[in-house]
Each structure stands twice: as C-alpha cells, then as structure tokens.
Amino acid sequence: SALPPHRLDPAVRLSSLDISHIDLLNETWAPGGNDRSRRYLTSLIRYFPSICLLDAASRPVSWTLSDPFGAMCHVYTLPQHRGRGYNGVLNNLLAKRLHALGYPSYGHVALENYPMQRLRER
C-alpha cells in the first residue's frame, strides 16, 4: 500500500529506526525525556521490528515501533508532516511484517487518542 503521489514528499523514504534516532523518539514520547525511557526505547529499536519514514537528511519524520508482545506502539509523526497519511501506511506495513513473524495485528493506544483508535480499527 503506497501513499498517493501528491501527498508523499519525494525526499521521504521508507526505513527502519536505528539507535541514532533515539534522542528524537525520547523527546517526542509524552512519558519520555528521561534516562529510563531512553533505555526502554533503545531496547525496542534494537530487538523488535520498527518502521519509519526518513527525510532527505535521514531524520525520521514518522514512525511506529513494536514491543516484546508484537504490539505496535510509540506511533508518532512530526507536526509539520501530519495530515499526509503516513501513520496509516506505516501501521499497515508494520502490521504485515509482524503478521509474517506470527504475531497478531494489534497496538497500544491512549484512551483519549480517538484518531489513533480509528486508525487501528481500519
């Protein structure tokens, strides 16, 4: 499943997260920003599937991680890149990757995050 061409910046490319992205993830995660959250996110990146879109400078603009239970989590798109359907595409691709590894398709969503709940249902 690909994004409509008019919505995808040609400089954005599909990739996986790596440890060089940890500071950005830790800063943008609401309960993050500390050493404990940094260690937790580092372990997710190192040991479990993730997916992201990188800009021309190889910085993540949108991402989805998975956890030890195969759940999709820590979905985020930088504010200046929102409204382009990135979360939907990344969630779909990671769900397919996790399913191929034998995990069901599901994810964690904050109770008040209704847009993400609808995305997960789709």
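Just a few scattered comments:
- Amide H contacts for SER66 (H built 1.01 Å from N in the peptide plane; partners 5 or more residues away or on another chain; cut-off under 5 Å): CYS73.
- Rolling a 1.4 Å probe over the protein heavy atoms leaves HIS108 with an accessible area of roughly 100 Å².
- Per residue, the accessible area of the stretch 1-101 comes to 54 Å², computed with a 1.4 Å probe over protein heavy atoms only.
- Accessible surface of the chain [probe 1.4 Å, protein heavy atoms]: carbon and sulfur percent: 55 percent
- Cα gyration tensor, the stretch 1-102 - rounded (a/c under 1.5), prolate or oblate: oblate
- Placing +1 on the Cβ of every Lys and Arg and -1 on the Cβ of every Asp and Glu, with nothing else charged, gives the chain a dipole about its Cα centre of roughly 260 debye.
- Ordered from highest to lowest accessible area with the whole protein assembly present and a 1.4 Å probe, PHE48, PHE69 read as PHE69, PHE48.
- Virtual spin-label span in nm between ALA11 and ASN92, 7 Å along Cα→Cβ: 2.6 nm
The values are calculated or read from the model by the stated rules, or taken from the named source; none is laboratory data. Predicted model, so just to flag it, every value in this text is computed and none were measured. FYI the Cβ positions are ideal-geometry reconstructions off the backbone, even for glycines, and counts take in every protein chain you see. Only protein heavy atoms, including side chains, enter the accessible area calculation; ligands, DNA and RNA are left aside. Shrake-Rupley method; radii C 1.70, N 1.55, O 1.52, S 1.80 Å.
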